[in-house]
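Scroll down for the structure; my scribbles are underneath it.
The values are calculated or read from the model by the stated rules, or taken from the named source; none is laboratory data. Computed from a predicted model, the values in this text were never measured in an experiment. All Cβ positions, glycine included, derive from the backbone under ideal geometry; neighbour counts span all protein chains shown. Heads up: the accessible areas ignore ligands, DNA and RNA and are worked out on the full protein's heavy atoms, side chains in. Shrake-Rupley method; radii C 1.70, N 1.55, O 1.52, S 1.80 Å.
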Amino acid sequence: MTRHLLAGASLGLLSCGSALATPSLEQLNAIVSAQQEQIEALQQDSRPSASRTYLGGYGELHANFNKDGSDEVDFHRFVLLIGHDFTARIRFRSELELEHSLAGDGKPGEVELEQAYIEYDLRPGSVVRGGLMLVPVGILNETHEPATFYGVERNRVENKIIPSTWWEAGAGYSQSFAESGLSYDLFVHSGMATDLTSSSPIRSGRQKVAEATADDWATTARITYQGVPGLQLSASLQYQKDLSQVAGDGIDDATLFSTHAILNRGMFSARALYAQWDINGATATAMGKDQIMGWYLEPSIRPCEHWGVFLRYSGLEQARDQEETNWVAGLNVWPHDQVVIKADYNRRENPDQSVDRSINLGLGYHF
């Protein structure tokens, strides 16, 4: 295009030679240089800008009708996602959440900053990140918008054993290989601080990067395979040298291993996940919390795009010989692929052999 414009300009000058004095070589060079600058400026203006800011979000309303009569309705989460692309290679991502509708002294909710990081593309498929980020473990921790999973409440394994939503501060690197379907993630980040006394010792150990103790950091690595359409296989390993971050308390190093599979074949889908913590130290062993684990299987059928049904069976131990099992069956209805209405029946047998039952209704969205 540039060559054609320059040629046209030169021909125009030559065709006017009978009426105007022939320009000198210096004048021709000056004219061509000025035209080139104008063309480059026009071309630059015509390119779409990489800089942009956008807003997203998700939310979910739950109603729980329990066997013991403690019925409850709760706007569980209201989340705003704010992002900005500085250039085509440098991005900012954030997630701000209000839990349980109302926060403040004596109120049930919390305002939480769950993500706030800068991301930079080193080259295609290679990304570095720094800031406040979700830990790359499990299925739900990174993808937990309500319309993307079955069940009103998040499954208990990815609530108690993998304490979703789980975020930490640090730096990460991701590499994907499109041809093979392989990818891996490395994340060096702030760690947990738990004394294991809680009935949910892992979940209570999250510091949420709020003036968090940083005497001991953790490292998480994950590898994922998606080379077969409709199949995802993933495994992650995390290590922290001192899970309590208190020297000499008998709660020492800890390793989390998790693996999961997701299979989608037409109307049929299935999810399976296993996660296990191994915690060293005399106190951890004496408390019976040296090994904490959980697993679930979740087959589902979606006959059409607007509705599907599922069944989930899970088991978990938050202390030795303290096993609970959980059956959940239910229905999702999607009037839009980003809007979901949910209903399920939940039966949980607790470690003391008591049984909890509930019927749950939910409404969720993301955009």
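Of the candidates D278, D290, the single residue that is open to solvent by less than 50 Å² (accessible area, probe 1.4 Å), modelled with pLDDT of 95 or more and over 18 Å from L263 (Cα atoms) is D290.
Summed over the range 328-367, residues that are touching a Gly at 6+ places or on another chain (Cβ under 8 Å) and among the acidic types (D, E) total 1. For G191, the criteria (1) over 26 Å from G57 (Cα atoms); (2) open to solvent by 20 Å² or more (accessible area, probe 1.4 Å) hold in every case but one, which is (2).
Residue by residue, here is whether (1) open to solvent by 70 Å² or more (accessible area, probe 1.4 Å); (2) small (G, A, S); (3) closer than 30 Å to A272 by Cβ holds:
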position: G69; (1), (2), (3): no, yes, no
position: I82; (1), (2), (3): yes, no, no
position: F92; (1), (2), (3): no, no, no
position: G106; (1), (2), (3): yes, yes, no
position: E110; (1), (2), (3): yes, no, no
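There is at least one residue in the range 295-310 that is under 30 Å from D216 (Cα atoms), open to solvent by 20 Å² or more (accessible area, probe 1.4 Å) and in a strand (DSSP E or B).
Yes/no per residue for (1) under 30 Å from W307 (Cα atoms); (2) open to solvent by 30 Å² or more (accessible area, probe 1.4 Å); (3) aromatic (F, W, Y); (4) within 21 Å of the chain's Cα centre (by Cα):
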{"site": "Q245", "(1), (2), (3), (4)": "no, no, no, no"}
{"site": "D249", "(1), (2), (3), (4)": "no, yes, no, no"}
{"site": "L263", "(1), (2), (3), (4)": "yes, yes, no, yes"}
{"site": "G266", "(1), (2), (3), (4)": "yes, yes, no, no"}
{"site": "T283", "(1), (2), (3), (4)": "no, yes, no, no"}
{"site": "A286", "(1), (2), (3), (4)": "no, yes, no, no"}
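Looking across Q207, Q226, Q175, one residue alone is modelled with pLDDT of 95 or more and open to solvent by 50 Å² or more (accessible area, probe 1.4 Å). It is Q226. A count restricted to the range 318-345 and to residues that are over 24 Å from S204 (Cα atoms) and in a strand (DSSP E or B) stands at 17.
Scanning the range 84-114 for residues that are charged (D, E, K, R), in a strand (DSSP E or B) and farther than 17 Å from S51 by Cβ returns E95, E97, E99, E110, E112, E114.
Does A261 count as farther than 24 Å from G227 by Cα and free of Cβ contacts under 8 Å to residues at least 60 places away in the same chain? Give the steps one after another, and end with the answer.
On the way: farther than 24 Å from G227 by Cα: no; free of Cβ contacts under 8 Å to residues at least 60 places away in the same chain: yes.
Answer is no for this residue.
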